[in-house]
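Visitor: Pasting a structure here, questions to come.
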Amino acid sequence: MYTSESTKYPHTAEIGQRSRILVVEDEELIREMLVLALEEEGYGVVTATDGRLAVEYLKSYEPNSGELSFDLVILDLMLPHINGLDICRLIRYQGNPVPILILSAKGSETDRVLGLEVGADDYLTKPFSMRELVARCRALLRRQRLSCLPQLPVLQYKDVTLYPQECRVLVRGQEVNLSPKEFRLLELFMSYARRVWSREQLLDQVWGPDFVGDSKTVDVHIRWLREKLEIDPSRPEYIVTVRGFGYRFG
Ligand code: CA
């Protein structure tokens with residue numbers, strides 16, 4: 001019955017780079033209002049009028065395939081064929097991390113809790129304002145984008161730990177304050193432990209090719225960095241001078 005419907009399946013190319021939202025709602029009026037409001041916001045919207053169709057749209061999800069997936073699912077609870085809670089369970093069972101916003105006429109605390117327990121991210125009780133709905137969608141999509149940013153690995157060598165995302169450095173368990181250039185220099189060194197860098201290469205990487213100045217700048221920053229890292233800056237064990245070449249870390 002719904003096989004002909006599934007030919008309407010959305011293709012990424014049709015919708016382009018816009019966020020794609022799957023709206024699962026059997027009440028026509030609400031569905032139309034949702035589509036209008038979301039398209040107005042610039043989102044690509046695909047609708048499913050019952051639970052089976054929604055499952056059809058969602059079942060081909062494969063982790064990392066990036067195909068036929070949605071950036072957000074708006075899910076009514078009371079649906080023909082398969083109810084919203086079961087769809088929600090199924091999405092999570094597949095390992096699909098798509099944000100889910102549940103819409104329901106039921107406003108009771110148990111339904112809200114149940115919805116969140118089966119893996120929904122947010123819950124809105126009917127009747128709701130479209131402004132409220134759009135704001136919730138925006139927040140969920142923003143959160144989703146942030147969680148998709150690659151996590152930079154923490155760098156560690158002996159007693160020095162560098163947290164790239166937080167711009168923090170711990171030396172023997174103590175937080176040290178580094179200037180942005182010192183931080184960048186240390187991050188570069190720690191990313192390529194034991195690699196030998198010439199002063200020119202370091203200038204290029206940390207100060208940029210447009211920097212006007214001489215390579216003594218590097219020596220000065222290395223001295224400052226050593227004072228912050230080394231137990232004995234005159235006998236460095238972290239930032240080592242390689243005579244005739246430059247510096248290396250470790
Ligand atoms: Ca319904």
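Visitor: Residue by residue through region 190-199, which ³J(HN,Hα) values in whole Hz follow from phi under the Karplus form 6.51 cos²θ - 1.76 cosθ + 1.60 (θ = phi - 60°), with glycine and proline marked x?
Guide: Along region 190-199, the couplings run 6, 6, 10, 4, 6, 6, 8, 10, 7, 4 Hz.
Visitor: Can I ask one more? Using label points projected 7 Å from each Cα along Cα→Cβ, tell me how many nm separate Ser129 and Glu27, to one decimal.
Guide: Using points 7 Å along Cα→Cβ, the separation is 1.8 nm.
Visitor: Counting Lys +1, Arg +1, Asp -1, Glu -1, what net charge surrounds Phe189 among other residues with beta carbon under 12 Å of its beta carbon?
Guide: Counting the neighbours of Phe189, the net charge comes to +3.
Visitor: Name the residue from Leu38, Leu202, Leu141 whose Cα lies farthest towards the positive end of the charge dipole of the chain, charges +1 on Cβ of Lys and Arg and -1 on Cβ of Asp and Glu.
Guide: Farthest along the dipole direction, towards plus: Leu202.
Visitor: Further question on the same structure: Just to be sure I understand: of the beta bridges DSSP finds with both ends in the chain, what percent are antiparallel, rounded to 5?
Guide: Roughly 50 percent of the DSSP beta bridges within the chain come out antiparallel.
Visitor: Do the sum for the chain: with -39,500 (n - 2.57) for every DSSP H run of n ≥ 4, divided by all residues, what is the mean residue ellipticity at 222 nm, to the nearest 500 deg cm²/dmol?
Guide: -11000 deg cm²/dmol
Visitor: In vacuo Debye scattering of the chain, one point per C-alpha: log10 I(q)/I(0) at q = 0.07, 0.09, 0.10, 0.14 Å⁻¹?
Guide: Reported log10 I(q)/I(0), two decimals: -0.44, -0.61, -0.66, -0.83.
Visitor: Gaussian network model of the chain, Cα springs within a sub-10 Å range: biggest mean-square fluctuation belongs to which of Val240, Val73, Val55?
Guide: The residue that fluctuates most here is Val240.
Visitor: A follow-up question, please. Quick one: which residues, 5+ away or cross-chain, put their amide H under 5 Å from the amide H of Ile102? H built at 1.01 Å from N.
Guide: Leu75, Asp121, Asp122, Tyr123, Leu124
Visitor: Given C-alpha coordinates of region 20-148, what is the ratio Rg to Rh with the Kirkwood estimate of Rh?
Guide: Computed over Cα atoms, the ratio is 0.92.
Visitor: Taking only Cα atoms and a 10 Å spring cutoff, compute GNM fluctuations for the chain and point out the largest among Val113, Val196, Val46.
Guide: Evaluated over the chain, the most mobile residue of the options is Val196.
Visitor: The chain: longest stretch without exposed chymotrypsin sites (Phe, Trp or Tyr not before Pro) (DSSP loop, at most 16 other Cβ within 10 Å), sites themselves excluded?
Guide: Longest run free of exposed loop sites: 3-127.
Visitor: How much length is gained on full extension from Arg195 to Trp224, taking 0.36 nm per residue of separation minus their Cα-Cα distance?
Guide: Here the segment from Arg195 to Trp224 would lengthen by 8.4 nm.
Values quoted throughout were computed directly from the atomic coordinates according to the rules given, and no laboratory measurement underlies them. Everything quoted here is computed from the prediction, not taken from an experiment. Every residue, glycine among them, receives a Cβ derived from its backbone with ideal geometry; neighbour counts consider all protein chains shown.
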